[in-house]
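Read the structure below first, then the notes.
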Amino acid sequence: MKTHGMEITIVFDNYPYNPELTSLWGFSAFLQLPKQTILFDTGSNGPVLLRNIQTLDLNVKDIDTLFLSHPHWDHVGGVDAVIEQNQNLHIFAPDSLSKHLISDLRNQVQDLTVIDYQATKLFDHIYSTGVMDEDRIGEQSMIIDTKAGLVVITGCAHPGIVNIAKKARQMLDKEIFLLMGGFHLLNENPAAIQQVIEALQNVAVEYVCPTHCSGDLAKEMFKESFKEKYIAGGVGKKMSLADDISNTF
Ligand SMILES: [Fe+2]
Ligand SMILES: [Fe+2]
């Protein structure tokens, strides 16, 4: 299903939201855009991912683009299950993925592009930050350029959520309307989390939806700081940006 605006649905997350769905460790989001239907990561468990997608009345066969943020199992674990249902895919894979996995995936789908450290335009209005922090885990994040500002989606944010937000701003020179996904603050103390919050506010981030590996404490602190501009994530959470971006989340 194509929409005029943009619908983002979290289809895999360790945080619960819709009680009809299963929550397990990992992250995946289903993005319905005017011209693309994109799956961002695949969670850790294929059958659960497919069941959640179906329960949400979404269709895995509608997906035309699969974006993989980084090689960790809780983001690529559902890849086989998705491909079994739908080979008609263009995969954007980070170069941090194993060469063997890249070549296996390439043989099974329509197209596969390997993303390296360079910021890359994937489609009109849709970008990859490029793989950041290549010496460590090597992760790409997605940027969608909307009239309201940038929507930035992260898998685990291993390169640092502030670095990712700064990179997105640098690339497109626009404010960030929504920053969402795993912020990887689960092992941080309150002072470090407060620093991250202040840095993101300095980068001009408007709405935040920290989920997956953000951690309970960070979620609470973001909620306190961003108030009505904090969005509670979790599996089944839907966010709609209307065509005219009169945005109601
Ligand atoms: Fe993760
Ligand atoms: Fe990770």
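Looking for whichever is surrounded by fewer than 18 Cβ atoms within 10 Å (Cβ to Cβ) and more than 20 Å from the chain's Cα centre (by Cα) here; the options are Gln54, Gln108. Which one fits?
Answer to the check: Gln108.
Hey, among the residues in segment 96-116 that are more than 16 Å from ligand 2 (Cβ to nearest atom) and in a loop (DSSP other than H, G, I, E, B), which one's farthest from Val11 (Cα to Cα)?
Going through the qualifying residues, I end up with Asp116.
Of all residues in segment 67-85, which are free of Cβ contacts under 8 Å to residues at least 40 places away in the same chain and more than 14 Å from Leu101 (Cα to Cα)?
Listed by number, the residues that qualify are Ala81, Glu84, Gln85.
Consider Ile102 against the criteria (1) closer than 21 Å to Pro159 by Cβ; (2) modelled with pLDDT of 95 or more; (3) in contact with a Ser or Thr (Cβ under 9 Å, 6 or more places away or on another chain): it satisfies all of them except one. Which criterion is unmet?
Evaluating Ile102 over (1) closer than 21 Å to Pro159 by Cβ; (2) modelled with pLDDT of 95 or more; (3) in contact with a Ser or Thr (Cβ under 9 Å, 6 or more places away or on another chain) leaves (3) as the failure.
Specify which of the listed residues (Cys213, Cys209) is within 19 Å of Leu24 (Cα to Cα), under 13 Å from the mean Cα position of the chain (by Cα) and not in a helix (DSSP H, G or I).
Checking each option against the conditions leaves just Cys209.
Here is a list of conditions, (1) touching a residue at least 12 places away in the same chain (Cβ under 8 Å); (2) within 28 Å of Ile164 (Cα to Cα); (3) in a helix (DSSP H, G or I), and Ile8 meets all of them except one; can you say which number that is?
It is condition (3) that Ile8 fails.
If you take the residues in segment 13-31 that are part of a loop (DSSP other than H, G, I, E, B) and among the polar types (S, T, N, Q), which one is farthest from Gly78 (Cα to Cα)?
Of everything passing the filter in segment 13-31, Asn18 is farthest from Gly78 (Cα to Cα).
Within segment 190-207, identify whether any single residue is in contact with a helix residue (DSSP H, G or I) (Cβ under 9 Å, 6 or more places away or on another chain) and within 16 Å of ligand 1 (Cβ to nearest atom), and answer yes or no.
No.
Identify the residue in segment 57-86 that is assigned to a strand (DSSP E or B) and more than 16 Å from ligand 1 (Cβ to nearest atom) and, among all such residues, is surrounded by the fewest Cβ atoms within 10 Å (Cβ to Cβ).
For segment 57-86, the residue satisfying everything is Thr65.
Here are Ala242, Ala165: which of them is in contact (Cβ under 8 Å) with a residue 24 or more places away in the chain and over 17 Å from the mean Cα position of the chain (by Cα)?
Within the list Ala242, Ala165, the selection yields Ala242.
Among the residues of segment 161-189, which ones are buried (at least 18 other Cβ atoms within 10 Å of the Cβ) and not in a helix (DSSP H, G or I)?
Across segment 161-189, the qualifying residues are Ile176, Phe177, Leu178, Leu179, Met180, Gly181, Gly182, Phe183, His184, Leu185, Glu188.
Taking the condition of being surrounded by fewer than 19 Cβ atoms within 10 Å (Cβ to Cβ) and either among the basic types (Lys, Arg) or part of a helix (DSSP H, G or I) (or both), how many residues in segment 216-241 meet it?
The total comes to 10.
If we scan segment 195-208, do we find a residue that is more than 16 Å from ligand 2 (Cβ to nearest atom) and touching a residue at least 60 places away in the same chain (Cβ under 8 Å)?
Within segment 195-208, not a single residue is more than 16 Å from ligand 2 (Cβ to nearest atom) and touching a residue at least 60 places away in the same chain (Cβ under 8 Å).
Return the residues of segment 8-20 that are surrounded by 21 or more Cβ atoms within 10 Å (Cβ to Cβ) and more than 16 Å from ligand 1 (Cβ to nearest atom); say none if nothing qualifies.
Ile8, Thr9
The values are calculated or read from the model by the stated rules, or taken from the named source; none is laboratory data. Here the structure is a predicted model, which means the values were calculated and not measured. Don't worry about glycine lacking a Cβ; one is built from the backbone with ideal geometry, like all the others, and counts go over all protein chains shown.
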